[in-house]
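In what follows, a structure is listed as structure tokens, so that the remarks can point back to it.
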Amino acid sequence: MNYTAALFLLLISSSAQAATPEERGLEIARMVHKTNEGFKGEKSELEMILINAHGDRTVRRMASLIREVVGEGDKSRIEFQWPADVKGTRMLTWSHKASDDDQWLFLPAVKRVKRIASRNKSGSFMGSEFSYEDLGSPEIEKFKHKFLGDVTVNGRPCWRLERIPVDPTSGYSKEVTVIDQGMMNPVSIEYYDRKGDLLKTGTFENYAQISGYFRVQSIRMENHQTKKSSILSWKSRELGVSLDDALFDSNELDG
Amino acid sequence: MIRNLCTWMLCVWPMTAQAWPQLSLESRGELGAEFRSFTPDDDSSTQDLNFAVVGRLGIDASTKYIEAKGLAFFRYDALDSERSKIFVEDGYLEMKRGMLRLRAGYQRLNWTATEAFHPADIVNARYWDSTIENQEKLGEPMLAVRLKALGGDVEFYYRPIAVDPVFPSTRSRMRVFAPIHTGVGADVTLGDPVRMRFNGDLYTDHFAYEQWGARIQRSFAGADLGVHVMQHLDRTTPVVFLDTTEASSPKARMLFQPVTVLGFTYVQALGSFLIKMEGAYQWYMRPRGGQTPLGMVPERNYGSVALGLEYGFNHQGRGTSTFILEGQGIFGFPKNQPVDASIFLIPQASRPVGLLTPLFNHDVMLAYRYSFDDESSTTVLCSAIVDVLRPQEFLLTASVERRLGETWLASTGVRVVRIPPKDPKAPQGFENMNDAHQIFVNVKRYF
């Protein structure tokens with residue numbers, strides 16, 4: 001057993017000894033965050049399939065760039081590629097740990113960079129079952145965490161955690177997430193609406209190890225109330241990419 | 001020096017082999033049909049129906065060192081040929097190196113913070129026979145050099161050519177000038193515009209016109225601030241003269257006057273609110289004494305400021321509502337020129353003068369947008385713009401837009417325009433649009 005594995009076990013055992021479920025939940029959230037940080041930059045091509053209650057499918061495509069910011073929230077830039085009428089539209093987000101995110105939209109038809117209010121993040125992302133907050137950077141500080149127990153999913157040991165959004169304008173009253181202890185990443189998240197009813201379940205499928213990090217290749221989001229679902233899948237994904245800071249400058253969105 | 005640099009960027013550099021390694025090309029475009037029907041005005045000289053084919057074609061090329069973007073627009077109106085136009089929106093080369101960015105070619109610049117009133121958005125000439133609160137823009141040739149400085153981006157502009165706006169034809173229901181029947185001779189028709197140099201000379205024979213400007217943009221604490229200064233040819237609020245040089249065919253001629261503009265835009269995000277401001281002050285150049293061969297150019301330095309508040313929220317389940325409240329005011333306008341002045345030609349006078357002032361001067365807008373957040377991106381928009389000094393002047397709009405499949409976009413709506421003429425027998429300027437209510441249906445296919 002090498003030194004890193006011993007340290008990892010020590011962390012887990014110390015988390016097991018945390019005094020309250022809240023403390024242990026926060027500790028696990030920190031461990032998950034710690035495990036997944038350090039990727040520097042991510043470049044990916046994504047496809048989203050929207051499936052309505054009748055099974056009809058429509059497709060969305062986009063390209064994403066993420067730049068890790070040490071000590072703050074990450075910066076991300078999404079360029080929409082399909083449907084054709086939104087081709088070239090870009091969304092830039094500067095996530096923040098404590099305050100509202102900064103967010104801009106570039107509208108190519110009028111060549112306008114427009115700041116948008118990031119508080120309205122419970123809205124649907126491109127008409128899908130994903131909301132903007134589902135796809136945002138899940139900063140630890142944006143939730144109150146609580147450990148619910150150990151579970152086994154597909155024969156793998158997992159933790160079950162509850163996290164309550166701190167932001168009162170969140171579309172959710174709570175989220176229940178199941179985290180694979182080996183991959184230190186979620187395998188499912190249940191989203192509860194503001195009334196406390198189960199709204200959606202996100203199932204994380206096909207993890208792959210990229211540059212030493214476990215990254216999901218597909219997320220299926222099922223809306224239990226509308227019976228609609230959406231599948232977000234990564235067509236390509238690179239980690240450790242060095243991305244120019246200018247790509248995340250709002251004044252450069254029109255370039 | 002700058003002309004040589006422009007020539008090098010536009011002509012020499014792109015022809016060198018090193019400019020095009022690893023070339024990638026991407027195209028995009030749209031093709032559609034626009035139909036609009038106005039309430040009849042019992043005037044056989046105007047066109048109450050329009051049916052147009054519109055299209056946009058864009059090509060982007062990029063290499064390791066250089067990018068090229070091109071976007072052209074055309075509208076072919078089958079019922080009003082004078083409305084048919086084709087123009088370049090963007091067509092430029094771009095080079096980036098470190099903190100420096102150079103662009104040379106046709107560009108549209110969008111310097112606005114608000115949705116309906118755009119006093120700071122002064123650069124490009126407009127295609128007036130489009131949505132009047134958000135007119136289509138014509139690209140203008142320019143060299144733009146941007147660098148990181150002063151905690152933000154500073155961009156310098158050199159514009160060697162001033163592109164003329166496209167005014168509505170006298171057949172259009174969106175016209176701002178109607179032929180004047182003098183009753184004592186030939187009718188007054190709209191002639192070619194006249195340009196004034198900074199020294200006061202007038203000319204009409206070419207488009208060359210040196211214009212300069214700079215803009216700084218910064219983002220801080222949830223806000224975006226932009227400040228610009230521009231010395232250029234104003235083509236949005238021309239002075240209008242009656243040119244009787246040819247007595248048999250008197251012309252109303254718009255005079256484009258040089259102006260120095262200091263403007264700003266500011267947007268602040270506060271929770272679910274966006275606070276928006278933009279404004280500009282314009283110092284117009286006049287010849288000594290204000291006298292030109294066409295007549296006296298009035299003094300008219302003035303400023304305009306627009307304020308806006310946007311509030312949006314997501315509905316439980318689906319849908320997003322957005323409320324927008326905006327207002328615009330003009331200040332410093334000379335007391336001897338009424339703020340609501342438009343073209344006020346008096347044919348009986350020897351050399352009368354008029355002004356085409358901004359359509360919106362003391363107006364407020366209340367708008368509501370509802371996005372269904374569905375896979376078709378269905379959106380409903382309702383807006384009302386009212387002149388607070390003359391409440392009988394208003395513009396109402398209701399429209400709905402929806403994607404059909406994955407490549408078609410359809411929109412339809414109704415617009416109600418009331419700008420009652422002060423003299424019903426001689427509507428002037430925007431008063432010509434009075435009661436030009438319309439329904440419209442647009443369908444576009446994107447590719």
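The values are calculated or read from the model by the stated rules, or taken from the named source; none is laboratory data. Worth saying up front: this structure is predicted, and the values here are computed from it rather than measured. Cβ atoms come from the backbone with ideal geometry, glycine included; neighbour counts cover every protein chain shown.
For region B:136-156, does any single residue satisfy the condition of being away from chain A (no Cβ under 14 Å) and in contact with a helix residue (DSSP H, G or I) (Cβ under 8 Å, 6 or more places away or on another chain)? Within region B:136-156, one or more residues are away from chain A (no Cβ under 14 Å) and in contact with a helix residue (DSSP H, G or I) (Cβ under 8 Å, 6 or more places away or on another chain).
Scanning region B:403-447 for residues that are surrounded by fewer than 19 Cβ atoms within 10 Å (Cβ to Cβ) and among the small types (Gly, Ala, Ser), which turns out nearest to the other protein chains (Cβ to nearest Cβ)? In this case the residue turns out to be B:Gly405.
Matching residues to (1) in a strand (DSSP E or B); (2) touching a strand residue (DSSP E or B) at 6+ places or on another chain (Cβ under 6 Å); (3) acidic (Asp, Glu):
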| residue | (1), (2), (3) |
| --- | --- |
| B:Asp41 | no, no, yes |
| B:Gly55 | yes, yes, no |
| B:Ala61 | yes, yes, no |
| B:Lys64 | no, no, no |
| B:Ala72 | yes, yes, no |
| B:Leu79 | no, yes, no |
| B:Val88 | yes, yes, no |
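Inspect region A:97-112 for any residue being farther than 17 Å from A:Phe125 by Cβ, basic (Lys, Arg) and within 9 Å of another protein chain (Cβ to nearest Cβ) and give the result as yes or no. Taking every residue of region A:97-112 in turn, at least one turns out to be farther than 17 Å from A:Phe125 by Cβ, basic (Lys, Arg) and within 9 Å of another protein chain (Cβ to nearest Cβ). Of the residues making up region B:126-144, at least one is closer than 27 Å to B:Leu325 by Cβ, among the aliphatic types (A, V, I, L, M) and under 17 Å from the mean Cα position of the chain (by Cα). For the structure I just gave you, tell me whether B:Gln211 is crowded, with 18+ Cβ neighbours inside 10 Å, in contact (Cβ under 8 Å) with a residue 12 or more places away in the chain, of a type in the set (S, T, N, Q) and over 30 Å from A:Trp94 (Cα atoms). Judged against the criteria, B:Gln211 is a match. Check whether at least one residue in region A:77-86 is touching a residue at least 60 places away in the same chain (Cβ under 8 Å), farther than 16 Å from A:Thr169 by Cα and of a type in the set (Phe, Trp, Tyr), and report yes or no. Checking region A:77-86: not a single residue is touching a residue at least 60 places away in the same chain (Cβ under 8 Å), farther than 16 Å from A:Thr169 by Cα and of a type in the set (Phe, Trp, Tyr). Screening B:Val364 on (1) in contact with a Leu (Cβ under 8 Å, 6 or more places away or on another chain); (2) within 14 Å of another protein chain (Cβ to nearest Cβ) shows it passes everything except condition (2).
Of all the criteria given as (1) in contact with a helix residue (DSSP H, G or I) (Cβ under 6 Å, 6 or more places away or on another chain); (2) under 21 Å from A:Val216 (Cβ atoms); (3) modelled with pLDDT of 95 or more, the one not satisfied by A:Ile78 is (1).
State the number of residues belonging to region B:86-108 that are surrounded by fewer than 17 Cβ atoms within 10 Å (Cβ to Cβ) and touching a residue at least 24 places away in the same chain (Cβ under 8 Å). The qualifying residues number 3.
When A:Arg160 is tested against (1) in a loop (DSSP other than H, G, I, E, B); (2) of a type outside the set (Phe, Trp, Tyr); (3) at pLDDT 95 or above, exactly one condition is not met: (1). Is one or more of the residues making up region A:64-73 at the interface with chain B (Cβ under 10 Å from one of its Cβ atoms) and more than 30 Å from B:Leu57 (Cβ to Cβ)? Within region A:64-73, not a single residue is at the interface with chain B (Cβ under 10 Å from one of its Cβ atoms) and more than 30 Å from B:Leu57 (Cβ to Cβ).
Filtered by the rule that a residue be part of a loop (DSSP other than H, G, I, E, B) and either of a type in the set (Gly, Ala, Ser) or buried (at least 16 other Cβ atoms within 10 Å of the Cβ) (or both), region B:172-197 gives B:Ser172, B:Arg173, B:Met174, B:Arg175, B:Val176, B:Phe177, B:Ala178, B:Gly183, B:Gly185, B:Ala186, B:Gly191, B:Pro193.
When region A:178-213 is limited to residues that are assigned to a strand (DSSP E or B) and surrounded by fewer than 16 Cβ atoms within 10 Å (Cβ to Cβ), the one that is nearest to the other protein chains (Cβ to nearest Cβ) turns out to be A:Leu198.
Across region A:219-230, not a single residue is classified as within 14 Å of another protein chain (Cβ to nearest Cβ), of a type in the set (Val, Ile, Thr), without any contact (Cβ under 8 Å) to a residue 60 or more places away in the chain and not in a strand (DSSP E or B).
Results for (1) over 20 Å from B:Glu210 (Cα atoms); (2) part of a strand (DSSP E or B), shown as yes or no for each residue.
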{"residue": "B:Pro238", "(1), (2)": "no, yes"}
{"residue": "B:Gln257", "(1), (2)": "no, yes"}
{"residue": "B:Gln268", "(1), (2)": "yes, yes"}
{"residue": "B:Ile275", "(1), (2)": "yes, yes"}
{"residue": "B:Arg286", "(1), (2)": "no, no"}
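If I ask for residues that are surrounded by fewer than 20 Cβ atoms within 10 Å (Cβ to Cβ) and of a type outside the set (Ser, Thr, Tyr), which ones from region B:265-285 would you list? Matches in region B:265-285: B:Gln268, B:Leu270, B:Gly271, B:Phe273, B:Ile275, B:Met277, B:Trp283, B:Met285.
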